[in-house]
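To keep things clear, I will list the structure first and then write my remarks on it.
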Amino acid sequence: MDEPRTPATALERHDPALVLLTVEEAARRLRIGRTTCFRLVLAGEIESVTVGRLRRIPADAVPAYVAKLRHRPAQAA
């Protein structure tokens, strides 16, 4: 018997073959909102490229952004 499948959005499996991600895919990987991810892209915090009229985020830009966050000095509250 086949195993029941979970929706793709429940636990997205990272396809290592993907080179470019949509902003929504990158947001899901970072566990942030779509709007927040767009703001980070527009601010230049996350690297992105345009393909025609489309905005895409290189797959390796997501861990690079996280690494940048980890090495950023803590801000005072």
Return the total of residues in the stretch 17-53 being of a type outside the set (Val, Ile, Thr), surrounded by fewer than 11 Cβ atoms within 10 Å (Cβ to Cβ) and in contact (Cβ under 8 Å) with a residue 24 or more places away in the chain.
0
Within the stretch 24-34, is even one residue modelled with pLDDT under 95 and assigned to a loop (DSSP other than H, G, I, E, B)?
no
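The values are calculated or read from the model by the stated rules, or taken from the named source; none is laboratory data. Source: prediction; values computed, not measured. Methodologically, a virtual Cβ is constructed for each residue, glycine included, from the backbone with ideal geometry; neighbour enumeration extends over all protein chains shown.
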